[in-house]
1. Compare the peptides 155-161, 57-63 by average per-residue count of other Cβ atoms within 10 angstrom and give them in order, highest first.
2. Tell me, what is the FRET efficiency for Asn136 and Asp45 to the nearest 0.05, using R0 = 25 angstrom and their Cβ-Cβ distance as r?
3. Using a Förster distance of 45 Å, how high is the FRET efficiency between Leu125 and Cys29, based on the Cβ-Cβ distance and rounded to 0.05?
4. Any idea what the alpha-carbon Rg over 2.2 N^0.38 Å comes to for the stretch 64-111?
5. With each label point set 7 Å from Cα along the Cα-Cβ vector, what nm distance links Glu94 and Leu22?
6. What ³J(HN,Hα) values, in whole Hz, does the Karplus curve 6.51 cos²θ - 1.76 cosθ + 1.60 give for the stretch 151-162 when θ = phi - 60°, with x put for Gly and Pro?
7. Using the Cα gyration tensor of the stretch 17-155, with a ≥ b ≥ c the square roots of its eigenvalues, what is the shape: rounded (a/c below 1.5), prolate (a/b larger than b/c) or oblate (neither)?
8. Counting only residues 5 or more places away or on other chains, whose amide H sits under 5 Å from the amide H of Ala64 once H atoms are built in the peptide plane?
Amino acid sequence: MASPWQDDPLRRPALDAQDQQLVAEAIRCLEAHYQVNGDVLNSPDATRDYLKLKLFGLSYEVFAVLYLDSRHRVIQYRELFRGTIDGASVHPREVVKECLHWNAAAVILAHNHPSGVAEPSQADLQITQKIKDALNLIEVRVLDHLIVGEGIGVSMAERGLL
């Protein structure tokens, strides 16, 4: 499903039109691979690669969720919240609503840090816990929260922060 900000001229301002088209095509290929073939995002590296293409290079913060079935196959990728250069307001209630809508069994949370520093902030840890608590009530597991920065992505699961 196309992002509501797909045609946003601020999406990847440092890339020329040809490179933007190449990134968009790579994203379409990955989405087709993960959604049509039913492959599983079974490692932080596979998830990180997918999310880096989606979130890297943005001049504003985006909070996204990968909705997964019980076998951790991607049901849907959704960019739920868009913010400014240093934050986005995230509402756990909306994440819960989307989980119910997509009948998700698990989720992977993700957002970018336009500053390029992918280290989790105290606010990142707090919102992750709030979302995790809310989703626990409807028996949806939070598998990871990835933060995309300058060329890298940090997995909270790998760091033992979940």
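1. In decreasing order of mean packing, 155-161, 57-63 become 57-63, 155-161.
2. In this case the efficiency is close to 0.40.
3. 0.85
4. Ratio of Rg to 2.2 N^0.38 Å for the stretch 64-111: 1.16.
5. For Glu94 paired with Leu22, the spin-label model returns 3.3 nm.
6. Computed from phi, the couplings for the stretch 151-162 are x, 9, x, 9, 9, 5, 5, 4, 8, x, 9, 9 Hz.
7. It is oblate, given that a/c is not under 1.5 and a/b is not larger than b/c.
8. It is Leu80, Ala110, His111, by chain and number.
A short reminder: the numbers here are calculations on the coordinates, not readings from a lab. Just so you know, these numbers come straight off a predicted model, no measurement behind them. Quick reminder, even Gly has a Cβ in these numbers, built from the backbone with ideal geometry, and neighbours come from all protein chains shown.
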